[in-house]
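The structure appears below as structure tokens.
The values are calculated or read from the model by the stated rules, or taken from the named source; none is laboratory data. Note that the structure is predicted; figures quoted are calculated from it, not measured. Counting neighbours? That spans all protein chains shown, and the Cβs are built from the backbone with ideal geometry, glycine included. Only protein heavy atoms, including side chains, enter the accessible area calculation; ligands, DNA and RNA are left aside. Shrake-Rupley method; radii C 1.70, N 1.55, O 1.52, S 1.80 Å.
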Amino acid sequence: MTYQEFLQIVMYEDNHLLVVNKPSGMLVQGDQTGDTPLPEHAKKYLAEKYNKTGNVFCGTPHRIDRPVSGTVVLARTSKALERLSKMFQERKVDKTYWAITEKRPPKTEDTITHWLKKDSNKNLTHAHIRDNKGGLKSTLSYRLVRALGDRNLIEVKPITGRPHQIRVQLAKIGCPIIGDVKYGFPKPTKDGSIALHARAISFEHPVKKKPFKVVSPIPKAFVWSFFEDVIE
């Protein structure tokens, strides 16, 4: 990713934070594919912007899945990273996601709880409706924003932060996210993305100690165009 390309996804930047609107398909954390993850692209961008010749610090206090687009917060200092990581662990960060499904959820709005158990070998999470050995209690709230035929725009607020939580919990109530073949949608999208977007994030700035919020524009992918009239 070039400097100009990265600049296009930057939503906010100061001496402590760098917030980006991550495109679908980009890793947040490196894996066995060897593809360049977001923090490495960020380091390259920061080095070029500020003409840094040595090591550039860029920490990752949280992450979103590779096929998911949207808001990711990066820390430019170790102090910011330590404080942000603690805030995520203590659930002092408010996260809002938007998802599009073909099937309408059973209720217009609801709070749902499952016990999630991850199969690390298959990188797959299973949801259970009651406590099971090794399962982690996982809760989210959702609200149906708009329904247009077989397209349903759902706002989701995860209360816990588990691997694949939104994807597997929506699938469990019969609403797999469009394009998410891993969790029950019948076919992939043309670009391999899934219709899940980390829309907004808010918390107290770890250094400035003021309320902080970033809202990321939705992707330009066709599936999102159904809801242009309700999206700011």
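For segment 76-86, residues that are more than 26 Å from residue 24 (Cβ to Cβ), in contact with a strand residue (DSSP E or B) (Cβ under 9 Å, 6 or more places away or on another chain) and not small (Gly, Ala, Ser) total 3.
When residues in segment 1-28 are screened for being over 17 Å from residue 215 (Cα atoms), touching a helix residue (DSSP H, G or I) at 6+ places or on another chain (Cβ under 8 Å) and open to solvent by 50 Å² or more (accessible area, probe 1.4 Å), 2 of them pass. Could you pull out the residue among 209, 220 that is modelled with pLDDT under 95, open to solvent by 60 Å² or more (accessible area, probe 1.4 Å) and more than 16 Å from residue 71 (Cβ to Cβ)? Of 209, 220, the one residue that is modelled with pLDDT under 95, open to solvent by 60 Å² or more (accessible area, probe 1.4 Å) and more than 16 Å from residue 71 (Cβ to Cβ) is 220.
Number of residues in segment 184-202 that are touching a Phe, Trp or Tyr at 6+ places or on another chain (Cβ under 6 Å) and closer than 16 Å to residue 74 by Cβ equals 1. Kindly indicate whether any position in segment 70-85 is at pLDDT 95 or above, out of contact with any Asp or Glu (no Cβ under 8 Å at 6 or more places or on another chain) and of a type in the set (Asp, Glu). Among the residues of segment 70-85, at least one is at pLDDT 95 or above, out of contact with any Asp or Glu (no Cβ under 8 Å at 6 or more places or on another chain) and of a type in the set (Asp, Glu), which makes the answer yes.
Go through segment 115-133 and give me each residue that's closer than 18 Å to residue 158 by Cα, hydrophobic (A, V, I, L, M, F, W, C) and either part of a loop (DSSP other than H, G, I, E, B) or in contact (Cβ under 8 Å) with a residue 40 or more places away in the chain (or both). Of everything in segment 115-133, those that are closer than 18 Å to residue 158 by Cα, hydrophobic (A, V, I, L, M, F, W, C) and either part of a loop (DSSP other than H, G, I, E, B) or in contact (Cβ under 8 Å) with a residue 40 or more places away in the chain (or both) turn out to be 116, 127, 129. In summary, residue 198 fulfils each of the numbered conditions (1) over 27 Å from residue 80 (Cβ atoms); (2) open to solvent by less than 30 Å² (accessible area, probe 1.4 Å); (3) of a type in the set (Gly, Ala, Ser) with the single exception of condition (1). When you look at residue 161, is it modelled with pLDDT under 95, over 18 Å from residue 65 (Cα atoms) and open to solvent by 50 Å² or more (accessible area, probe 1.4 Å), yes or no? Spelling it out, it is not the case that residue 161 is modelled with pLDDT under 95, over 18 Å from residue 65 (Cα atoms) and open to solvent by 50 Å² or more (accessible area, probe 1.4 Å). Determine whether residue 31 is within 20 Å of the chain's Cα centre (by Cα), open to solvent by 40 Å² or more (accessible area, probe 1.4 Å) and modelled with pLDDT under 95. In short, yes. The conditions of being touching a Gly at 6+ places or on another chain (Cβ under 8 Å), among the small types (Gly, Ala, Ser) and either free of Cβ contacts under 8 Å to residues at least 40 places away in the same chain or surrounded by fewer than 13 Cβ atoms within 10 Å (Cβ to Cβ) (or both) are met by residue 78. Which one is farthest from residue 166 (Cα to Cα), of the residues in segment 90-114 that are free of Cβ contacts under 8 Å to residues at least 60 places away in the same chain and within 20 Å of the chain's Cα centre (by Cα)? Among those residues, the one meeting the criterion is 90.
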